[in-house]
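This report concerns only the one structure given below.
Derivation of every value follows stated rules applied to the coordinates shown; laboratory data play no part. Predicted model only: the values in this text are computed from it and were never measured. Cβ coordinates were reconstructed from backbone atoms using ideal geometry, including for glycine residues, and neighbour counts include every protein chain displayed.
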Amino acid sequence: MKYDVIVIGGSYSGMAAALQLLRARRSVLIVDAGRRRNRAAAHSHGFLAQDGADPADIARVARKQLEAYATLSWRDGEAVSATGEKDAFEVVLDDRSQHYARRLLLATGVSDTLPNIPGLQDRWGRSVFHCPYCHGYELQLGQIGVIATGPMSIHQAQMLPEWGRVTFFLNGALELDAAAAKDLAGRGVCVEATSIASIEGHADVVLADGRQLPFAGLFTAPRNAPSSLIAQVVGCDLIETPFGTQIGTIDSKETSVRGVYACGDAARSPHSVSLAVGDGAWAGAQLHRSLILPAL
């Protein structure tokens, strides 16, 4: 069969988009590779009515609600190829099955490239974070470390004193000019120039000179890129942002390829569950609009 829309990515933004389409009685296939970005986190915060919920539970309940709509199909797997044009797309999955649709929606999420510090990756989503609105409150105004990755990290260090006492680790990633150093000092931020050797314990920073500094939590700004190559395969333009690479879209969430849309972390920044859901809902409505107004 030919679906109205194939959604590649079954996390928050993809499901939010699908919900709008299903409620318009459109046929939707969701293809999900099962790699939610926040799968390591035990709690999701800042999402209205779901504050403190397990992110896996939010995804599970959302899928169950979508499955109540008769026009939904769901395939667990990865899209490895996408070809065609508006009203005539073909998607091939990793099991070699072929699926057809009038429109495509890329909601693949992103992968995070963290600083190459032993122990950091193991604590990602547990005691190492990127979003203070999502995880700052639970640190109870304790000691917070910010690990620099580039100029955007200055903004992170400027914000985080709202949530605790901040130490900013330059770690060889940047040099502060006089204005930035003065601003951070005025916010009570301690700047540490010694390189980091490793992260141990809950969130203990071990420095190259042997000092070990304990923290309630650590923050860093990873470089992001779409977690799947499917956008490049289908020919969508990618754009560079201060956060990394994302799929370029216009206001309607359509990409540079007519009939292919993108939403969520892979197509917007900054990132959070709330913002991904909102972006997905908008993309779903715009996709429906394109189906009933073909000139768009």
State the Kirkwood hydrodynamic radius of the stretch 99-138 in Å, one decimal place, computed from all pairs of distinct Cα atoms.
-> 13.3 Å
Find the relative contact order for the stretch 167-296 and round it to a whole percent, using C-alpha pairs within less than 8 Å whose residues are 6+ positions apart.
-> 12 percent
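For the stretch 115-220, calculate the relative contact order in percent as a whole number, restricting contacts to Cα pairs under 8 Å that are 6 or more residues apart. If you can, show how the numbers build up before the last one.
Values: 197 pairs, mean separation 36.8, N = 106.
So the answer I get is 35 percent.
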Go ahead and run the numbers for FRET between LEU293 and LEU48, Cβ-Cβ distance against an R0 of 35 Å, rounding to 0.05.
-> 0.65
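Between VAL233 and VAL61, what length comes free when the chain is fully extended (0.36 nm per residue of separation minus the Cα-Cα distance, one decimal in nm)? Don't skip to the end; give the middle numbers.
On the way: separation 172, 0.36 × 172 = 61.92 nm, distance 3.16 nm.
Fully extending the segment from VAL233 to VAL61 adds 58.8 nm.
Let me check against my output: what whole-number percent is the relative contact order of the chain, with C-alpha pairs under 8 Å and at least 6 apart? Mind dumping the intermediate values first?
Values: 644 pairs, mean separation 66.0, N = 296.
Averaging sequence separation for qualifying contacts and normalising by length gives 22 percent for the chain.
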Nearest 10 degrees, 0 to 90: what angle lies between the long axis of helix 55-66 and the longest principal axis of the chain (Cα atoms)?
-> 10 degrees
For LYS86, which lysines qualify as cross-link partners when the Cα separation must be under 20 Å and same-chain residues fewer than eight apart are set aside?
-> LYS2, LYS253
Rounded to whole Hz, the Karplus (6.51, -1.76, 1.60) HN-Hα couplings of the stretch 77-89, x for glycine and proline | x, 10, 7, 9, 8, 8, 9, x, 8, 3, 6, 8, 9
Whether the stretch 1-147 is rounded, prolate or oblate, judged on the alpha carbon gyration tensor where a/c under 1.5 counts as rounded | prolate
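Using a cut-off of 10 Å between beta-carbons, work out the net charge of the residues near LEU21 (Lys and Arg +1, Asp and Glu -1, LEU21 not included). Before the final figure, lay out each step's value.
Working: positive: ARG23, ARG25, ARG26, ARG103; negative: ASP4.
Once all neighbours under 10 Å are counted, the net charge is +3.
Would you mind ranking TRP124, TRP74, TRP163 so that the residue whose beta carbon has the fewest other beta carbons within 10 Å leads the list?
So the residues, fewest neighbours to most, are TRP74, TRP124, TRP163.
What is the fewest-to-most order of ASP265, ASP87, ASP4 by other Cβ atoms lying within 10 Å of their Cβ? Working shown, then result.
Numbers: ASP265 30, ASP87 13, ASP4 19.
Ranking ASP265, ASP87, ASP4 by Cβ neighbours within 10 Å, fewest first, gives ASP87, ASP4, ASP265.
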Cβ under 11 Å from TRP124's Cβ, TRP124 left aside: what net charge do those residues give with Lys, Arg +1 and Asp, Glu -1?
-> +2
For each cysteine in the chain, check whether another cysteine's C-beta sits under 4.7 Å from its C-beta; list those where none does.
-> CYS190, CYS236, CYS263
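For SER27, SER13, SER97, what ranking results if the residue with the fewest other Cβ atoms within 10 Å of its Cβ goes first?
With the fewest neighbours first, SER27, SER13, SER97 line up as SER97, SER27, SER13.
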Write down the radius of gyration of the stretch 115-220 and its Dmax, each obtained from C-alpha positions, in Å.
-> 12.5, 35
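Local charge sum around GLN50 (other residues, Cβ-Cβ under 13 Å, Lys/Arg +1, Asp/Glu -1)? List each step's numbers first, then the result.
Numbers: positive: ARG60; negative: ASP51, ASP54, ASP57.
Neighbourhood net charge equals -2.
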Using the Kirkwood formula over every pair of different C-alpha atoms, what hydrodynamic radius in Å results for the stretch 141-296?
-> 18.1 Å
